[in-house]
Each structure stands twice: as structure tokens, then as C-alpha cells.
Amino acid sequence: MTASTRLFYFANDEPGWMPVSHMVRLAARLLEAQQLDLAGPGPGWPGRLRATLLRPGRGGQGGDIYILRSPAELPLVFAHPQFAAPRRFRALWIIDSFWTDMLMRPVRHMLSKFDLVAYMRKGDGPEYQALCGARARFLGWGADVLDLGSGAAERPIDVLRIGRQPEAWDDDARTAAACAARGLTFHGRPPFPARAEGQQQALMADWYGQSKFVIAHSNLAAPAPYTHPTREYITARWTDAIACGATIAGAQPKSDLSLVSWPGAVLDTGAIDLERNLDQIAEALRGWSPARAAENHRQALRHLDWRWRLRDLARALDCGTPGLQAELTRLEARLSAAA
């Protein structure tokens, strides 16, 4: 165990990053880490250049963990005034790890300054392993299943729309009418809470936990200017919804489903066609029972809880804490009770 861990993250209230911001707060608490804003004032270009050329100081008992939204934020790490301070370890955890073309050049030299480089999308493993060798580690998407998840049987919403959708699914009025024609209850995009505080808890309790199916499509089937054009991936929409017992329905990212591969976690509807897709969901709903929600929640406890990712990170960096161990014990007890 080590003391004085520091956790750096670009503090923001953007709705799309609520799940990650919640995870960062959880990590700071369980690792007993000081949370610092990665967007803090940094040196000018000469100071940043020195930071990239020189090997940062070693020593002391503490270590630094930098959680990046994408590789494009790596320059913020080198620009941060605390980067050069002597530390026992330095680690990167890159959420949208698939944007490898955004990594600073020379890539291998830049990443050599970190004792661990974690990537979120499993398919990015070969590229990061080629750059970092054994220092590369897969830490996939998760959810706060233990505290915010649910296997509740009562689910008044048959079909819930959340976030980005392809054109066929983007008109909530049209989708509501098509669902009503099939006897399905539908809810369109939930309103964004007025305050960032509590947003993640409200999303999971008031929406995911009240739904049987949540609509989410692969970024390749439903592209947008901000999604990767060739690499498909799941996001927190998958893990958070499944943690709350819901099933994800839509054209699925087949190359990135290993984290949610048990029966009932997803319903792959194939090609996007609102009427045909709703027929498929209606058919699946005829076989739905509360046992489906309970099983999704149980499997999410076993495979998706962020505490497992933090355990793996802490083991690799030797920065475990009694608080993290207590939460893992609580998670194991919940799993035993759900068996």
C-alpha cells in the first residue's frame, strides 16, 4: 500500500461524460487519492517541451494516475505543473483509447514516461502492447453496479431512448407512435438535469432502472462527427443500462461485446429499420420476465463493477487501500446474496 496517490482528470459537467466523472470520484474515494484538475494552468510551450524531453523525477511514496478522455489530452499531462514532481509511479488510463492517431509524437517516447498505460477498448490492445509492451493493460468499461445498479422487477418503460441515435430512431414522436401501435410503452430522450450533481444517480435510478430495453446502436451503424469512423465500441450507455437490469437493443458493435456477452445482455437487431427493429423488440418482450433484469444485474455485479477495474489498477501500481478492500468485500457479499 502507498500513500499520497494523486488522480488527475479534466473536470467538466458535460452530460456525455457523467459516467466517467462519477467513476473518477469513486476512484478518488476508494484509492484515497487527491483529485486534481488536469485542465489547471500549465507552463508555456518551452516548459511543455522540457517536460516531454526530460524523464520526470522518481522518488517518494506517492504516485500519479492520469485519466484521459482521449489521447488528445496527453499534452495536458505534460503541461501540468505537477507532472515533473518526483513520484513513485505514473499511470495513464485512456477512456476513448481508440483515437490512437491523436497520441503525441514520438508516441513510444511519450508513453515511456508512464509505468502503466491502460486502454478502455479491448480491440486497441495490440496497438498499445506494441507501443508499451507489458506496461499496457486493458481496463474496460464499467459501472457503479454496487451502489447505483438495480435488478428491480417493476419496469414501466418497455423501450427507452437515450442519447445519440440514427435518423430512423431520432424522432421520438414517430418512435412513440410506432411503439403504441405494438402495445409498447416508450419514453424518449430524458431531460438533462439542471445541475451536474446527482446526474448519474438520477439517470440510472429514474431511467435505466425503470426500463426493460434501452436503445443503443454501434457507432458504425449510427455514425456521428464525433465518433470513430472505423473502430466500433461500446460506451457507458451499455454498461450502465445493463447494470440496472435493462437489455440493450439495436445494431450492436459486434467486435466490442466481450464485456457484456451473457445471454440477455443485448438484443442485436441487425440493420437499422425502425419498424422491423420494433417488431424484434416486441417479440423479445413477449418472453421477458423479471428474471431477465435480475440476471443482468447479477452478471453486471460480477463483470462490470468499477471496483474490479480499480482493484486491477491498484494491484498493478501497488496503491491499494483499506477502503478499496472493504468495498470489494461488500461487492463479494452482494454477489453471494444474488446467487
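Results, tabulated for the structure shown:
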quantity	calculated
Residue satisfying all of: in the range 150-169; outside any loop (DSSP other than H, G, I, E, B) and of a type in the set (A, V, I, L, M); nearest to S218 (Cα to Cα) among these	A168
Any hit, the range 286-299, residues being in contact (Cβ under 8 Å) with a residue 12 or more places away in the chain and within 22 Å of D170 (Cβ to Cβ)	no
Contacts under 6 angstrom Cβ, first residue in the range 65-87 being aliphatic (A, V, I, L, M), partner assigned to a helix (DSSP H, G or I) and open to solvent by 30 Å² or more (accessible area, probe 1.4 Å), 6 or more apart	A72/M102; A79/R48
Which listed residue, of F213, F192, F186, is in contact with a Cys (Cβ under 8 Å, 6 or more places away or on another chain) and either among the β-branched types (V, I, T) or in contact (Cβ under 8 Å) with a residue 12 or more places away in the chain (or both)	F186
Residue count for the range 163-183, restricted to those that are more than 16 Å from A224 (Cβ to Cβ) and either open to solvent by less than 20 Å² (accessible area, probe 1.4 Å) or within 25 Å of the chain's Cα centre (by Cα) (or both)	3
Residue identified as buried (at least 16 other Cβ atoms within 10 Å of the Cβ), in contact (Cβ under 8 Å) with a residue 12 or more places away in the chain, of a type in the set (D, E) and at negative phi among D268, D279, D305, D273	D305
Conditions (1) touching a strand residue (DSSP E or B) at 6+ places or on another chain (Cβ under 9 Å); (2) not in a helix (DSSP H, G or I): number failed by G320	(1)
Helices (runs of 4 or more DSSP H) (entirely within the range 188-299) containing at least 3 residues that are within 25 Å of A178 (Cα to Cα)	236-243, 274-286
Tally, over the range 321-339, of residues that are crowded, with 20+ Cβ neighbours inside 10 Å and closer than 23 Å to F114 by Cβ	1
E232 vs. criteria among the acidic types (D, E) and farther than 22 Å from K122 by Cα	no
Of all residues in the range 87-140 being within 23 Å of A236 (Cα to Cα) and among the acidic types (D, E), the one that is most open to solvent (accessible area, probe 1.4 Å)	D101
Residues that are buried (at least 23 other Cβ atoms within 10 Å of the Cβ) and not in a helix (DSSP H, G or I), drawn from the range 8-23	F8, Y9
Leading residue by the ranking (most open to solvent (accessible area, probe 1.4 Å)) among those in the range 230-265 that are without any contact (Cβ under 8 Å) to a residue 24 or more places away in the chain and of a type outside the set (A, V, I, L, M, F, W, C)	P263
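The values are calculated or read from the model by the stated rules, or taken from the named source; none is laboratory data. Keep in mind that this is a model prediction, so the values were computed, not measured. With ideal geometry, Cβ positions are generated from the backbone for all residues, glycine too; neighbour counts draw on all protein chains shown. Note: areas computed on protein heavy atoms with side chains; ligands, DNA, RNA excluded. Shrake-Rupley method; radii C 1.70, N 1.55, O 1.52, S 1.80 Å.
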